[in-house]
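Report on the structure given below.
The values are calculated or read from the model by the stated rules, or taken from the named source; none is laboratory data. These figures come from a predicted structure and were not determined experimentally. So basically every Cβ, Gly included, is an ideal-geometry build from the backbone, and we count neighbours across all protein chains shown. Ligands, DNA and RNA are stripped out before the accessible areas are found, and what is left, the full protein with its side chains, is counted by its heavy atoms. Shrake-Rupley method; radii C 1.70, N 1.55, O 1.52, S 1.80 Å.
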Amino acid sequence: MKFPWSKEDFDKQVQKAVKFYWRKRGDQAKRQRMAGRRDAGTRGEVTGGKQLDAFADIIFEIGRAAGYKDSEMFNGSDFPIPGYYRPLKNWDIVFAKEGRLVAVVELKSQSGSFGKNCNNRIEEVLGVSLDFWRAFREKVLGTLTAPWSGYFFLAEKCELSTTPVRTSVRHSFLSPMPEFVDSSYLRRYELLCERMMLERDFTAASLIPTTNKGKVCPCENEALSFWNFCNSLYRHLISV
């Protein structure tokens, strides 16, 4: 068994997945307009879901290369995972083998409305991680060996996401950490992914910045590359 692509071929797969993402967003917004519905802002482009399916396909192909059958790889609600603070959580991708949970992956994206959604995204993912690892501690995940957990985030690289955001503390005498002062939303997502890996909230995290024209932009932190993310998953899958 070996990783299914060379680095060059892998980059081509990622480029195709990014283009699929933007095409799917545009198609969903167009269908809503034709049906006479219009969501606020860019929400009409995202409420249909499925934009990250091409990235899910890449991850499933890695599972097949690692020797997993289609019956051992699951999508969304097909394999809900017990939680500690809630009954169940539908992860985007789940790997399970011989009655044992092996790996889980969360796929998220953000385009537009950064000011409204950045903090919500951060609170959401930290809650997901805490719920998962507390459930593991309480032995409700059916394994004593820690599963692999991954968080993938695709973010639009544009003026809104790269412009420094003025940090106002208003009436508080407390100041945020220096790295957050006047940081852009894209930088904040990068810090989130870096720190989630540092704190072992997730085994691996990946951030892909991309323009709405489909151009893949390199992340400043190579540790957050999708290549490293997928290779980490592959190494775990073949070890089980």
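You can think of it this way: the chain between S6 and Y85 has 24.3 nm of extra reach, that is 0.36 nm per residue less the Cα-Cα gap. When a 1.4 Å probe is rolled over the protein heavy atoms, the share of accessible surface on the chain that falls to carbon and sulfur comes to 50 percent. Taking every alpha-carbon pair under 8 Å whose residues sit at least 6 apart, region 167-240 reaches a relative contact order of 20 percent.
Excluding residues fewer than 8 places away in the same chain, name every one of the aspartates and glutamates whose C-alpha is closer than 16 Å to that of K157. Within the straight-line limit of under 16 Å, K157 reaches these aspartates and glutamates: E190, E220. Taking 7 Å steps out from each Cα toward its Cβ at R195 and S71 produces label points 4.5 nm apart. Subtracting the Cα-Cα distance of R137 and M177 from their residue separation scaled by 0.36 nm leaves 11.3 nm. With a Förster radius of 41 Å applied to the beta-carbon distance between T145 and W227, the computed FRET efficiency rounds to 0.95.
Computed with a 1.4 Å probe over protein heavy atoms only, the accessible surface of the chain comes to 55 Å² per residue. Taking every C-alpha pair closer than 8 Å and separated by at least 6 residues, the mean separation divided by the residue count of the chain gives a relative contact order of 19 percent.
DSSP beta bridges fully contained in the chain are about 40 percent antiparallel. Only Lys, Arg, Asp and Glu carry charge here, each on its Cβ (+1 for the first two, -1 for the last two); on that basis region 135-207 has a dipole of about 180 debye about its Cα centre.
Solvent exposure of Y185, expressed as accessible area, is near 40 Å², computed with a probe of 1.4 Å over the protein chains only. Counting only DSSP H runs of at least 4 residues, each contributing -39500 (n - 2.57), and dividing by the residue count of the chain, the helix-based mean residue ellipticity at 222 nm comes to -13500 deg cm²/dmol.
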